[in-house]
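Data first, discussion second: the structure below is written as structure tokens.
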Amino acid sequence: MSYDKMKVILDKIKEYDSIMLFRHFRPDGDCKGATMGLRDILRLSFPQKNIYLINDDHSDFLEFMGAEDADVADEIYEKSLAIVLDTATIDRIYNKKYTLCKELIKIDHHIEHNPYGDYSWVEDHRSSACEMVAHFYNTFRDELRIDSLAATHLYTGMITDSGRFQFSSVSGDTLRLAGSLLDVGINTEVLFAHLQLKDFAELKFKSHIYKKMKITPNGVAYVYIDRATIAKFGLTSESASASVSALADIKDCLCWIAFIDSLEDEKIRVRLRSRFVAINTIAEQYRGGGHAQASGATLHDKKEMRLLLKEADRVVKEYKETHEDWL
């Protein structure tokens with residue numbers, strides 16, 4: 001089944017002389033890796049075609065991956081095939097000029113609630129969209145080309161979206177595909193230095209999180225980051241959101257949540273993570289969603305924050321009472 005969908009995508013790519021790649025706003029390693037990796041593969045494989053990746057938002061954390069492309073005239077969009085990667089719902093596509101394109105293909109690994117696109121390839125069991133692009137390349141490797149830069153882009157998305165291959169979405173196929181990218185040639189020492197090294201100010205902020213974090217009665221760790229804290233530590237929305245990872249290693253806490261005052265509006269951004277227990281249904285109640293154990297949501301006020309925490313605490317309590325396979 002997936003082969004048929006991939007074959008349709010490859011045939012569509014061959015049909016168009018101009019292809020536009022799209023991703024979601026507030027880019028993470030997977031959406032940036034998938035779009036840049038596929039862009040590299042298509043440029044190597046079809047040098048006569050024009051392949052574009054155009055966005056003007058960015059992530060400081062991922063600047064080492066290189067730049068995307070400058071904008072082009074609307075007339076180019078109008079004759080292009082659009083390929084949207086790692087974007088579950090159409091409203092999360094950053095570059096709204098996708099509406100100008102002749103046809104749209106969706107490639108995604110999130111649980112699908114609101115289908116879109118003329119053609120869609122969704123595999124929600126995959127650990128990342130980059131894993132899907134790597135699978136696409138390996139399926140048609142007799143026709144497609146890859147180099148170390150493209151492999152590095154895809155590998156970056158695979159390791160960041162899988163928690164360094166720790167999450168339950170990682171399968172034997174994930175590791176085999178990652179291995180095929182390593183065979184192309186990736187400087188993993190440099191890559192992990194980019195991903196792991198932190199500024200001194202970031203570590204000071206992390207110590208602040210440990211002072212402020214709290215735990216609900218049944219094991220939900222959480223922290224609230226207000227605008228004063230954001231200003232004090234000179235945080236961006238991205239670095240503030242990354243604070244959720246600081247809560248990941250607390251024993252008996254099966255869910256951890258960061259609540260961050262938005263720098264763009266009066267809302268509260270939420271980052272939910274868990275082990276064992278599914279929390280995406282909680283996020284879906286508060287204008288969000290995502291993966292079973294990694295989701296996001298948006299709250300209007302602190303009252304909703306308290307309600308979300310109460311629901312998360314209930315879900316964790318229920319899981320602990322009905323399962324024995326948790327630590």
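The values are calculated or read from the model by the stated rules, or taken from the named source; none is laboratory data. Everything quoted here is computed from the prediction, not taken from an experiment. Every residue, glycine among them, receives a Cβ derived from its backbone with ideal geometry; neighbour counts consider all protein chains shown. In case anyone asks, the SASA skips ligands and DNA or RNA and just uses the protein heavy atoms, side chains included. Shrake-Rupley method; radii C 1.70, N 1.55, O 1.52, S 1.80 Å.
Before moving on, here are some points about what is shown:
- Rounded to the nearest 0.05, the FRET efficiency derived from the C-beta distance between Ser262 and Glu112 at R0 = 41 Å is 0.95.
- Bridge orientation summary for the chain: considering DSSP beta bridges with both residues in this region, about 45 percent are antiparallel.
- Nonpolar atom fraction for the range 155-263, defined as the carbon and sulfur part of the 1.4 Å probe accessible area, stands at 54 percent.
- GNM result for the chain, Cα springs below 10 Å: residue of Tyr16, Tyr119, Tyr94 fluctuating most strongly: Tyr16
- With R₀ fixed at 25 Å, the C-beta to C-beta distance from His300 to Lys96 puts the FRET efficiency at about 0.55.
- Over the C-alpha trace of the range 147-282, radius of gyration and Dmax come out as 17.1, 51 angstrom.
- In order along the range 248-258, the Karplus-derived 3J(HN,Hα) couplings, from 6.51 cos²θ - 1.76 cosθ + 1.60 at θ = phi - 60°, round to 6, 10, 8, 4, 6, 9, 8, 9, 9, 9, 10 Hz, and Gly and Pro are given as x.
- Dipole magnitude of the chain about its Cα centre (Cβ charges: Lys, Arg +1; Asp, Glu -1), debye to nearest 20: 1020
- Calculated FRET efficiency for the pair Phe64/Asp249, C-beta based, R₀ 22 Å, to 0.05: 0.25
- Normalising the Debye intensity of the chain to I(0), with uniform scatterers on Cα atoms only, and taking log10 at q = 0.07, 0.12, 0.13, 0.15 Å⁻¹ returns -0.29, -0.86, -1.00, -1.28.
- Here each label is just a point 7 Å from Cα along the line to Cβ, and for Val184 and Lys198 those points are 3.1 nm apart.
- Under the criterion of Cα pairs below 8 Å and six or more residues apart, the relative contact order for the chain equals 13 percent.
- The alpha-carbon atoms of the range 130-175 define a convex hull whose volume equals 64 cubic angstrom per residue.
- Alpha-carbon Rg with Dmax, taken over the range 22-102, Å: 12.3, 33
- Here Lys49 is the anchor, and the lysines within straight C-alpha reach of less than 28 Å, apart from those fewer than 8 places off in the same chain, are Lys5, Lys7, Lys12, Lys14, Lys32, Lys79, Lys96, Lys97, Lys102, Lys106.
- Restricting the range 199-281 to GluC sites (Glu not before Pro) that sit in a DSSP loop and have at most 12 other Cβ atoms within 10 Å of their own Cβ leaves Glu264, Glu266.
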